[in-house]
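Derivation of every value follows stated rules applied to the coordinates shown; laboratory data play no part. Everything quoted here is computed from the prediction, not taken from an experiment. Methodologically, a virtual Cβ is constructed for each residue, glycine included, from the backbone with ideal geometry; neighbour enumeration extends over all protein chains shown.
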Amino acid sequence: MKTFIRKFFYGDYGEEKNIATEHNPSRQTINEWPLWEVFIRSKQGLDHKHVGSLHAADATMAMENARDVYTRRNEGISIWIVESKNIHANNPDDADALFDPANDKIYRHPSFYELPDELKHM
Amino acid sequence: MGINLEEQFQQKIDQEIKIEPKDWMPQKYRHTLIRQISQHAHSEVVGMLPEGNWISRAPSLKRKAILLAKIQDEAGHGLYLYSAAETLGISRDEMYEQLHSGKAKYSSIFNYPTLTWADMGAIGWLVDGAAILNQVPLCRTSYGPYARAMIRVCKEESFHQRQGFESLLVLSKGTEDQKRMCQEAINRWWWPCLMMFGPPDDQSPNTIQSMQWKIKRFSNDELRQKFVNMIAEQIKILGMTLPDPDLEWNEETMQYDFGKINWEELKQVIQGNGPCNKERMDARRKAWNDGEWVRDAASAYAAKHSKQL
């Protein structure tokens, strides 16, 4: 008997039909709670760092959930939450124009300047 | 003339540059990831159900607290992974809908029943042990948000495996009944755990593409063999045995040889005919439907308060 097993990987167990291609972002999001980004200060003296996101009905719930999800093992001492729609990001396609000019201005770096060895404390 | 987008994409992958949400990516890469990450998330969520059965039956307050903490971690792992999938353009509700309608799959292992307390130990040691072998390489997967979620998951997973082994260790030193319970749980979970790694390499025709995109870095058979080598040694400390008469150390390959896996069983479980498929899905749907009024109330409360501001 020939048995055919569809491929699947860990975390990928196959599917009846290709559902990923079917999805339509406009539907089934009407009742969804807004998305929030979570930032955590891991200890006094360090910056808040982005750790992930979650859904919550309002800021109070987002804060409670962030505490439960992202700080169960002493990961932080301070939490910021920002509703995701309020974050503006540059378009990755513009990255070259935005960040390339820094490469040809090597005189901005201290190693550009050749100085005599006798010169101390500089 | 420059090279096309697909070639540029593959070059980034080859140079180990991570792909981020707004970067260009082939449609098939996006769809493969949405499917893999969301199904991984579903597995974390459904994986809480067989354990939930034992919260109120844990043998001591200590074991109950440990089990609760483990299950809470799993809810968190599901959330990290759903968030990672959402960055690819699918909504959370769509993913839930796919799970509840039965369109999306989750790991075959969670369709087996948890008959005794020893199953909690066996799940921690064997199921989470198998999961860790799979998850560690995923920390280096090519899609940034998935890799970051997996790093978080792996940090927490080690506790799951260790508490499971320790719980079995206690049983293995207990009364005759406890020892028997321990051995029976190992017997029940061993083969389903080997199946968890997926079909053999010669029946996974798409491995090459996922390897090329560095979504996956080791094949099913490589990881399965690693797991057998690891467990065959660890079980000696428990003084228990694995239910496989063909399990034997091979001097030539320096690996353990092991018996034939019943792939027909895996196929049946994946297709929905495992011992608990229906029960798991019914429990998920019930939780979702029973929670509807809470979700609605929270939304109404938030809407009312945003108007007052």
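Using the 10 angstrom Cβ neighbour count as an exposure proxy, how do A:Leu119, B:Leu133, B:Leu33 rank, fewest first? Don't skip to the answer; put the middle values down first.
Numbers: A:Leu119 7, B:Leu133 18, B:Leu33 27.
By the 10 Å Cβ count, ascending, the order reads A:Leu119, B:Leu133, B:Leu33.
Taking the charge dipole of segment B:83-128 about its Cα centre, with +1 at Lys and Arg Cβ atoms and -1 at Asp and Glu Cβ atoms, the residue from B:Ile123, B:Ser108, B:Ser83 reaching farthest to the positive side is B:Ser108.
Only four residue types carry charge here, +1 at the Cβ of Lys and Arg and -1 at the Cβ of Asp and Glu. Report the dipole size of segment B:167-256 about the Cα centre in Debye, rounded to the nearest 20.
Details: 10 positive and 13 negative charges, 110 e Å.
Roughly 520 debye for segment B:167-256.
For chain B, the residue among B:Trp54, B:Met150, B:Ala287 whose Cα projects farthest onto the positive side of the dipole built from Cβ charges is B:Ala287. Dividing the helix sum by the residues of chain B, where each DSSP H run of 4 or more adds -39500 (n - 2.57), gives a mean residue ellipticity at 222 nm of -20500 deg cm²/dmol. Placing unit charges on the Cβ atoms only, positive for Lys and Arg and negative for Asp and Glu, gives segment B:203-309 a dipole magnitude near 1060 debye about its Cα centre.
For A:Ile40, B:Ile17, the sequence from fewest to most other C-beta atoms within 10 Å is B:Ile17, A:Ile40. Note that segment B:210-217 has calculated 3J(HN,Hα) couplings of 5, 6, 5, 7, 6, 6, 10, 10 Hz, one per residue in order, obtained from phi through the Karplus relation 6.51 cos²θ - 1.76 cosθ + 1.60 (θ = phi - 60°); glycine and proline are x. Close amide H pairs (under 5 Å, H built 1.01 Å from N) link B:Gln255 with B:Asn250, residues at least 5 positions away or on another chain.
Summarised as an ellipsoid, segment B:88-203 has semi-axes of 30, 17, 14 Å, derived from the eigenvalues of the Cα gyration tensor scaled by 5 and square-rooted, with the largest first.
Taking other Cβ atoms within 10 Å as a rough exposure proxy, A:Met61, B:Met230 sort from fewest to most as B:Met230, A:Met61. For the pair segment B:232-267 / segment B:12-84, the C-alpha centres are spaced 28 Å from each other.
The Cα-based radius of gyration of segment B:153-309, divided by its Kirkwood radius, gives an Rg/Rh of 1.12.
Out of all Cα-Cα pairs in the protein assembly as shown, roughly what percent, to the nearest whole number, are more than 35 Å apart? Cα-Cα pairs of the protein assembly as shown separated by over 35 Å account for 36 percent.
Would you please give the FRET efficiency between B:Ile237 and B:Arg162, computed as 1/(1 + (r/R0)^6) with r the Cβ-Cβ distance and R0 = 22 Å, to the nearest 0.05?
Values: r = 13 Å, r/R0 = 0.58.
Plugging the Cβ-Cβ distance into 1/(1 + (r/R0)^6) gives 0.95.
Quick one: compute a quarter of the convex hull surface over the Cα atoms of segment B:36-150 and quote it in nm².
On the way: hull surface 29.3 nm².
In nm², the orientation-averaged hull projection of segment B:36-150 is 7.3.
Modelled label positions at A:Leu98 and B:Asp221, each set 7 Å beyond Cα in the direction of Cβ, lie 4.6 nm from each other.
Rounded to the nearest 0.05, what FRET efficiency is calculated for A:Lys105 and A:Ser84 with R0 set to 25 Å and r the Cβ-Cβ distance? About 0.15, to the nearest 0.05. Taken over segment A:25-122, the convex hull of the Cα atoms encloses 167 Å³ per residue. One decimal place: the segment B:Ile208-B:Asp257 gains 15.1 nm when fully extended, by the rule 0.36 nm per residue minus the C-alpha distance. Considering the dipole of the protein assembly as shown built from charges on the beta carbon (Lys and Arg +1, Asp and Glu -1) around the Cα centre, which of B:Pro26, B:Ile186, B:Leu247 is farthest to its positive end? So the residue furthest toward the plus end is B:Ile186.
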